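For reference, the structure discussed in these notes is given below.
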Amino acid sequence: MTDVFGDLVGQDEAVAMLRRAAASAAALLRAPVTAPAGGHDDLDALAEEYDGDPAPAPADPGAGMTHAWIFTGPPGSGRSVAARAFAAALECVHGTGCGTCPGCHTTLTGTHADVRLVVPEGLSIGVNEMRVLVLRAASAPSGGRWQIVIIEDADRLTEAAGNALLKAIEEPPPRTVFLLCAPSTHPDDISVTIRSRCRVVPLRQPPPAAVAEVLVRRDGIAPDVAEWAAAAAQGHVGRARRLARDPEARQRRDAVLAVPRRLTGVGAAFDAASALIEAAEAEAAASVAEIDEAERTALQTALGAGGTGRGAAGAMRGAAGQLKDLEKRQKSRATRAQRDALDRALVDLAGFYRDALIMALRAPVAPVHTDTASLASAGAQKWDAEGSLRRLEAVLECRAAIEANVKPRIAVEAMMLALWRG
Ligand SMILES: [Zn+2]
């Protein structure tokens, strides 16, 4: 049986929690609401009312439904997969997330009228975007169940956008549910006030065996390839699938893992830095090119490019502004895509030095990169545990520096020099 939660790998506790909540939400919808004067305008009040009902009330208060949730976990653990699955379960005609009814199906394919998904394409989610969203989320659900807003990467909310969201979470419309995804509940990721209004669904990094199992079962990937990819992706399900299926992703990884061998001098270190940056730029450019072009064409069509006649001059001025906005959005998205590509490369590289470190320590742990294990072992002999650790730290510092807005090229050059010197 594969219902909407079938794709959540190795997250049994979270799935159990979400199933209980979905059942509770379905019961809320079935419960006759006898709204007293003044009305109940939030879900907690509805839930309390329902709890008072002699019908099966959730014994555990944590089992019930609430209107704001945060899904936390490391990248690739399936935060947005979990949020979408939960949304589907809430919109499910049967209230269980059967996976086959129109409610489940349209939610999972992104076409449900009452489910809105915010995927930040740039470096942050702005206040205007959030205001529009909050306003639309306040309307009654057209399907009679829930209005759902899913915010991927809620850690990228600007402060103003966070405040707009907070207002909506503090005074939630009766049938609106907010599902936020963030790496953690650390104040750097999500404001303390928003956090305090949400129930947290912690996801863990799925073990490689669980990732491999789902690649075999769902994607039909050969077991040996699935096992290799799951280990190499370090628990990141999407990354594992790409490695198993996409030869270009494998080539990029091979190039990154060749870096330690290539660091033979200062010149080589700078060359390696350039190669890494340019590879990330090329990967990012390829990933956004198609959608950029489609957006430009759509906007030009909408603006009636080339139109003449009365009012055309005024329209042109407005059009120039809109084109400029679009260019700004696309530039922000390209920057994000470059950073994501570079970060994937750094995670691969960190995995290599981590392998060297565990080998130097003779720790009984499986290597991340089985295909470069002999190289890591040679490194372990040459550098010892201390030198391996220093190199691992250089890679992690580079990631942190880029996250803190140091220019990527400068951070990567510093890292390559540190890797060479040791
Ligand atoms: Zn369903």
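Using a 1.4 angstrom probe on heavy atoms only, work out the carbon and sulfur share of the accessible area of the chain in %.
55 percent
Which order do you get for 297, 2 if you rank them by accessible area with a 1.4 Å probe, largest at the top?
2, 297
Considering only 348, 188, 153, give the residue with the highest GNM mean-square fluctuation for the chain, with springs between Cα atoms whenever their separation is below 10 Å.
Of 348, 188, 153, the Gaussian network model singles out 188 as fluctuating most.
Where does each of 24, 139 land when they are ordered by accessible area, with a 1.4 Å probe and the largest first?
139, 24
Return one whole number: the accessible area per residue of the stretch 313-368 in Å², for a 1.4 Å probe.
53 Å²
Given a 1.4 angstrom probe, what's the average accessible area per residue across the stretch 193-283, in square angstrom?
With all protein chains present, the stretch 193-283 gives 48 Å² per residue.
Could you pull the accessible area for residue 181 with a 1.4 Å probe, rounded to 10 Å²?
Counting only protein heavy atoms, residue 181 exposes about 0 Å² to solvent.
When the helices in the chain are scored as -39500 (n - 2.57) per DSSP H run of 4 or longer and the sum is shared across all residues, what 222 nm value do you end up with, to the nearest 500 deg cm²/dmol?
So the calculated ellipticity at 222 nm is -20000 deg cm²/dmol.
With everything on Cα atoms, drop me the angle between helix 312-360 and the longest principal axis of the chain, reported from 0 to 90° to the nearest 10.
Computed tilt is about 60 degrees.
Given axes a ≥ b ≥ c from the Cα gyration tensor, I'd like to know whether the chain is rounded (a/c under 1.5), prolate (a/b larger than b/c) or oblate.
Judged from the Cα gyration tensor, the chain comes out oblate (a/c at least 1.5, b/c at or above a/b).
Which of rounded, prolate, oblate describes the stretch 314-359, given a ≥ b ≥ c as roots of the alpha-carbon gyration tensor eigenvalues and a/c under 1.5 marking rounded, otherwise prolate only if a/b is larger than b/c?
In terms of gyration-tensor shape, prolate.
Heads up, I need the accessible area for residue 415: 1.4 angstrom probe, whole protein in place, Å², nearest 10.
That residue has around 0 Å² of solvent-accessible surface.
Largest first, how would 91, 293, 13 line up by accessible area (1.4 Å probe)?
Sorted descending by solvent-accessible area, the residues read 13, 293, 91.
Calculate the dipole size of the chain relative to its Cα centre from +1 charges on Lys and Arg beta carbons and -1 charges on Asp and Glu beta carbons; express the result in debye to the nearest 20.
860 debye
The values are calculated or read from the model by the stated rules, or taken from the named source; none is laboratory data. It should be emphasised that the depicted structure is a prediction, and the values quoted were computed from it without experimental measurement. Cβ: placed from backbone, ideal geometry, glycine included. Neighbour counts: every protein chain shown. Note: accessible area is taken over every heavy atom of the protein model, side chains too, but ligands, DNA and RNA are not part of it. Shrake-Rupley method; radii C 1.70, N 1.55, O 1.52, S 1.80 Å.
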